[in-house]
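The values are calculated or read from the model by the stated rules, or taken from the named source; none is laboratory data. Small disclaimer: the values here were computed from a predicted structure and weren't measured. Positions of Cβ are generated from backbone atoms using ideal geometry, with glycine treated the same way; all protein chains shown enter the neighbour counts.
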Amino acid sequence: MIDENVTRYSNKLKKLGINHKIVEHPQLKTVLEVQNYLGLTLSDGFSTLVMKADDRVISVVRRDDLRLDFGKMKNFFGVKNLRMVSDEEFKEFTRLEPGTAQVFIPGTQTYLDRMLFEKEYLTGGSGSFTCSIYYKSADLIKIPGSMVADFVQEEVIRKSKVNIQKSGNQKLRIVSGITPSGDGTLHIGNYLGAVRQFIQMAKTTDCFLFIADLHALTTIQNKSQLQSNVENLVLNELALLGDLNNITFFRQSDVPMHTELQSILNNITPLGLLKRAHAYKDKLQKDVMEDEINLGLFNYPILMAADILLYKPDMVPVGRDQKQHVEITRDVADKFNKTYQKNILKLPEPHIPEEVATIMGTDGKRKMSKSLGNLIAIFEDEKIIRKQVMGTYTDPTRIHSDDRGHIEGNMVFAYLDFFGDKSKVDELKKLYTEGKVGDMEVKNYLLDSLMTYFARARARYEDLKVNPVKVKKILEEGAEKARKVASETMVEVREVLGLTNKYSFFNY
Ligand code: ADP
Ligand code: TRP
């Protein structure tokens, strides 16, 4: 149960646009205990220190692996005395128990140490000993009146930098799967709405990304279609991702532990949990007889739970429509741990990047989607992309090229905001609203911008397409790394279930 205070605080953060997730845990007093429990280290968390600078109460937020330099701070504030408030003062000021400080303490000026931003995500206090909050670090600057400052001790910074580089296994781990739906190719909506976020996250996290070919079996039951979808998606993804540093990229069916764990989890999953799942309920609503629905679709969330739990990730970045599946995964993991009285499976957090807008299609009316055909492709022939750009909805009220045009709802400008050069786009917008530039010119600029933006990805795509051996090698290496992690989990699972006994010889 999440404390009412925590919920209230979370709502306040939401209003401020501060991305965060509440994580529940047993009652834990120290930061170290919390971070250990969450599988994180001190460098992944922060504390809010309420202090007195002469007569002023301030709060200073610093990462838990770093120490503050009081001398630097006194200079900065121009004060003689600087001290932490006493427990009594803390209670009086925050109305919270000492040790549970929330990052935003109204009525104080908040100083954010700049080392916080070296991490993409951080945990901090929630106001309760049984919850912590994952924050997106960059959002902390949305705290009203907050300021970024440089307060930590120099030698500690240096030491921690070494740690950051060394500590590959201290990074947050994320897992995500992509279903090879449609024809497996990606459009600029998929790029902006999904791939781009993933590339961003991969810079600071340890990522497992796989093509969910087994999930596709629920709907694609045709050999050549499945082959071509998966082949297309592999090439599209690899070309867009480019550098696979931090990313273990593989194909689900190359790691048989996914189906093995699914089959084990089936035994602890109540039917009722799956009956509430969207994919199944949606299918029922489409006038499909319940008896006709395939078990693969019904059981889809358990395969997804296995996909996730094998890798013990901290977070699962997914679209809003997949949030329920991550919640089911948490329920299943919790049930498993309780049934076998051991914390083997880690409860993951869904991560829904809030800032991801839905990209509208070239018709300007509905979301860009393969099934609607209102898309701009990434890897097609330039001629085809030109046609898609030329057919893009602009401003229907503009009949002659010297009529004043509108930017709002004009899809060419909407795409240019992402792919064009800002100053050139601003200039074109100005000219457009003054009736001084034609649609054609703006569209040509969009085409050029897309070609430039995706030039490297397109080159990689062409290269991979004629080098199947290279692609195979990437997939092979990815699967090998994934199998290593997945088998470690499976060894623990087999052990706790009692599948392992005195006659066992099996090794992965
Ligand atoms: P499509 O609708 O073209 O078949 P999918 O449903 O396969 O695309 O979506 C794949 C990923 O791309 C998902 O993460 C989804 O959220 C994202 N995505 C798809 N279309 C858009 C869009 N128009 N705007 C933003 N993101 C999108
Ligand atoms: N079901 C997800 C989708 O349709 C794809 C997926 C499968 C997935 N397994 C996963 C996503 C595990 C995240 C984690 O988009």
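In this structure, does Asp287 turn out to be within 16 Å of ligand 2 (Cβ to nearest atom) and more than 30 Å from Tyr393 (Cβ to Cβ)? For Asp287, the condition - within 16 Å of ligand 2 (Cβ to nearest atom) and more than 30 Å from Tyr393 (Cβ to Cβ) - is not met.
Comparison of Pro256, Pro270 shows that the only residue that is surrounded by fewer than 19 Cβ atoms within 10 Å (Cβ to Cβ), within 20 Å of Pro313 (Cα to Cα) and over 22 Å from the mean Cα position of the chain (by Cα) is Pro256. Of all residues in the range 267-274, none are in a helix (DSSP H, G or I) and of a type in the set (Ser, Thr, Tyr). Of the strands (runs of 3 or more DSSP E) lying entirely inside the range 81-126, those carrying at least 1 residues that are more than 31 Å from the chain's Cα centre (by Cα) and assigned by TED's automatic domain parsing to the domain that holds Leu68 are 82-84.
Across the range 439-491, the number of residues qualifying as aliphatic (A, V, I, L, M) and closer than 19 Å to Val255 by Cα comes to 9.
Each row is one residue, and each column tells you yes or no for (1) more than 24 Å from Thr205 (Cβ to Cβ); (2) crowded, with 20+ Cβ neighbours inside 10 Å.
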position	(1), (2)
Pro26	yes, no
Leu32	no, no
Thr41	no, no
Met73	yes, yes
Lys80	yes, no
Glu92	yes, no
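Just one of (1) more than 19 Å from Ile352 (Cβ to Cβ); (2) within 16 Å of ligand 1 (Cβ to nearest atom); (3) basic (Lys, Arg) fails for Lys323. It is (1). Within the range 177-205, how many residues are part of a strand (DSSP E or B) and in contact with a His (Cβ under 6 Å, 6 or more places away or on another chain)? Qualifying residue count for the region: 0. Per the listing Tyr311, Tyr300, the residue uniquely touching a Lys or Arg at 6+ places or on another chain (Cβ under 7 Å), within 12 Å of ligand 2 (Cβ to nearest atom), within 21 Å of Leu261 (Cα to Cα) and of a type outside the set (Asp, Glu) is Tyr311.
Of Glu349, Glu382, Glu408, all but one fail to be within 30 Å of Val195 (Cβ to Cβ) and without any contact (Cβ under 8 Å) to a residue 24 or more places away in the chain; the exception is Glu408.
Listed here are the residues, each with its yes/no results for (1) at pLDDT below 95; (2) aromatic (Phe, Trp, Tyr); (3) in the same structural domain as Ile188 (by TED's automatic domain parsing); (4) surrounded by fewer than 18 Cβ atoms within 10 Å (Cβ to Cβ).
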{"residue": "Glu408", "(1), (2), (3), (4)": "yes, no, no, yes"}
{"residue": "Met411", "(1), (2), (3), (4)": "no, no, no, no"}
{"residue": "Tyr415", "(1), (2), (3), (4)": "no, yes, no, no"}
{"residue": "Lys429", "(1), (2), (3), (4)": "no, no, no, no"}
{"residue": "Tyr432", "(1), (2), (3), (4)": "no, yes, no, no"}
{"residue": "Val442", "(1), (2), (3), (4)": "no, no, no, no"}
{"residue": "Leu446", "(1), (2), (3), (4)": "no, no, no, no"}
{"residue": "Ser449", "(1), (2), (3), (4)": "no, no, no, no"}
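Val57 meets the conditions (1) in a strand (DSSP E or B); (2) surrounded by 19 or more Cβ atoms within 10 Å (Cβ to Cβ) in every case but one. The failed one is (2). Inspect the range 333-343 for any residue being of a type in the set (Gly, Ala, Ser), more than 16 Å from ligand 1 (Cβ to nearest atom) and within 19 Å of the chain's Cα centre (by Cα) and give the result as yes or no. No, that holds for no residue.
Only residues that are modelled with pLDDT of 90 or more and farther than 15 Å from Ser137 by Cβ were counted across the range 44-55, and they come to 6. A search for C-beta distances below 7 Å between a residue of the range 494-506 that is closer than 14 Å to Asn337 by Cα and any residue that is among the aliphatic types (A, V, I, L, M), counting only pairs 6+ apart in sequence or on different chains, returns Val496/Ile344; Leu497/Ile264. The one condition from (1) modelled with pLDDT of 95 or more; (2) within 14 Å of ligand 1 (Cβ to nearest atom) that Ile352 does not meet is (1). Looking only at the range 368-387, residues that are away from ligand 2 (no atom under 16 Å from the Cβ), surrounded by fewer than 22 Cβ atoms within 10 Å (Cβ to Cβ) and not hydrophobic (A, V, I, L, M, F, W, C) come to 7 in all. Residues in the range 183-201 that are more than 12 Å from ligand 2 (Cβ to nearest atom) and touching a helix residue (DSSP H, G or I) at 6+ places or on another chain (Cβ under 8 Å): Asp183, Gly184, Thr185, Leu186, Ile188, Tyr191, Leu192, Val195, Ile199. Scoring His187 on the criteria (1) in contact with a Leu (Cβ under 6 Å, 6 or more places away or on another chain); (2) at pLDDT 90 or above; (3) more than 30 Å from Thr392 (Cβ to Cβ) leaves a single failure, condition (3). Residues that are small (Gly, Ala, Ser), buried (at least 17 other Cβ atoms within 10 Å of the Cβ) and assigned to a helix (DSSP H, G or I) within the range 275-308 comprise Ala279, Ala305, Ala306, listed in sequence order. Summed over the range 147-181, residues that are over 23 Å from the mean Cα position of the chain (by Cα) and modelled with pLDDT of 90 or more total 0.
Filter the range 190-239 for residues that are over 22 Å from Met304 (Cα atoms), charged (D, E, K, R) and away from ligand 1 (no atom under 12 Å from the Cβ); which is surrounded by the fewest Cβ atoms within 10 Å (Cβ to Cβ)? Among those that are over 22 Å from Met304 (Cα atoms), charged (D, E, K, R) and away from ligand 1 (no atom under 12 Å from the Cβ), it is Lys223.
The condition of being more than 14 Å from ligand 1 (Cβ to nearest atom) and among the β-branched types (Val, Ile, Thr) holds for only one of Thr358, Thr362, Thr394, that being Thr394. The set of residues in the range 202-238 being under 18 Å from Arg456 (Cα atoms) and more than 14 Å from ligand 2 (Cβ to nearest atom) consists of Asn232, Val234, Leu235, Asn236, Leu238.
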